[in-house]
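To keep things clear, I will list the structure first and then write my remarks on it.
The values are calculated or read from the model by the stated rules, or taken from the named source; none is laboratory data. Treat the numbers as computed from the prediction; the structure is a model and nothing was measured. A quick note on method: Cβ atoms are made from the backbone with ideal geometry, for glycine too, and the neighbour counts reach across all protein chains shown. With ligands, DNA and RNA removed, areas are computed over all heavy atoms of the protein, side chains included. Shrake-Rupley method; radii C 1.70, N 1.55, O 1.52, S 1.80 Å.
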Amino acid sequence: KLAESRDEDTGGHLERVREYCRELAKDLRSHSSYSDHINAEFIDCIQHAAPLHDIGKVAIPDGILQKPGKLTPEEFEAMKSHTVIGADTLQLVFNSYPGNMFIGMGIEIALYHHERWDGSGYPDGLVGKNIPLPARIMALADVYDALRSDRCYRKGLTHDQARTIILEGDGKHFDPEVVMAFLRIEGVFARIGHDI
């Protein structure tokens with residue numbers, strides 16, 4: 001609700017990414033080397049933790065958050081801080097509820113969903129499996145939804161156009177196993193993107 005109060009488009013985005021994350025996790029549980037790490041609790045947690053990914057944006061000034069054009073380098077640095085702000089805020093909650101898997105996963109997602117498989121992401125430049133799995137799942141879900149969504153500077157892309165960009169990021173931006181899961185369930189993504 002805090003995030004939605006800053007941006008009228010955020011509500012639909014949060015609903016879609018939580019569904020994308022749930023569907024990716026379900027597929028990875030059955031068809032990947034991550035099946036030992038993904039159980040019903042993981043799937044439930046990622047669905048509920050996914051909307052926390054951008055909670056740190058409540059601290060970003062409107063002039064940056066809602067700027068219609070390209071951000072300056074200084075503005076982009078300020079925007080990038082939403083990952084750390086979000087994780088630090090959730091850590092305060094976690095300190096009161098230690099061991100809470102939902103909040104713990106929310107911290108990982110908030111802090112690391114802009115990391116990239118090849119190490120070129122932020123805030124820490126993590127590489128490959130050093131990025132927590134929930135954040136790797138969120139990275140693809142978040143980018144897909146951003147590509148499909150209308151922006152003040154462009155119309156949302158079609159599913160096929162977004163798919164092409166996701167494939168270009170295979171092994172660079174995204175975990176190859178998460179990309180494979182996306183390809184297996186891309187019809188589900190297309191429906192979610194249309195329905196919500």
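Which ³J(HN,Hα) values, rounded to whole Hz and listed in residue order, are derived for segment 45-54 from phi using the Karplus coefficients 6.51, -1.76 and 1.60 in 6.51 cos²θ - 1.76 cosθ + 1.60 with θ = phi - 60°, glycine and proline given as x?
5, 5, 5, 8, 7, 3, x, 7, 4, 10
Tell me which aspartates and glutamates have Cα within less than 16 Å of residue 67's Cα, excluding those fewer than 8 residues away on the same chain?
7, 8, 9, 75, 77, 150
What nm distance separates the two modelled labels at residue 93 and residue 155, each placed 7 Å from Cα along Cα→Cβ?
3.8
Which value, in Å² rounded to 10, gives the accessible area of residue 129 with a 1.4 Å probe and all protein chains present?
Residue 129 exposes around 130 Å² with every protein chain in place.
Residue by residue through segment 75-88, which ³J(HN,Hα) values in whole Hz follow from phi under the Karplus form 6.51 cos²θ - 1.76 cosθ + 1.60 (θ = phi - 60°), with glycine and proline marked x?
Result, ordered by residue: 5, 5, 4, 5, 4, 4, 5, 4, 5, 6, 4, x, 5, 5 Hz.
So for 101, 180, 79, 138, what's the accessible-area order with a 1.4 Å probe, most first?
Highest to lowest solvent-accessible surface, that is 180, 101, 79, 138.
By the scheme Lys and Arg +1, Asp and Glu -1, what is the net charge of all other residues having a beta-carbon under 15 Å from that of residue 88?
Every neighbour counted, the sum reads -1.
Return the carbon/sulfur percentage of the accessible area of segment 57-120, one whole number, probe 1.4 Å, all protein chains in place. Before the final figure, lay out the partial values.
On the way: 2090 of 3500 Å².
Heavy-atom surface of segment 57-120 belonging to carbon and sulfur, 1.4 Å probe: 60 percent.
Put a dot 7 Å past each Cα toward the Cβ at residue 184 and residue 59; how far apart are the dots in nm?
3.8
Go through segment 173-178 residue by residue and turn each phi into a ³J(HN,Hα) via Karplus (6.51, -1.76, 1.60, θ = phi - 60°); whole Hz please, and just put x for glycine and proline.
Whole-Hz 3J(HN,Hα) from phi for segment 173-178: 7, 10, 4, x, 5, 5.
With the other protein chains left in place, how much accessible area per residue, in square angstrom, belongs to the chain at a 1.4 angstrom probe?
On the way: 9730 Å² over 196 residues.
About 50 Å² of surface per residue is accessible.
Can you tell which of 146, 92, 161 lies farthest toward the positive end of the dipole of segment 88-174, using +1 and -1 charges on the Cβ of basic and acidic side chains (Lys, Arg; Asp, Glu)?
161
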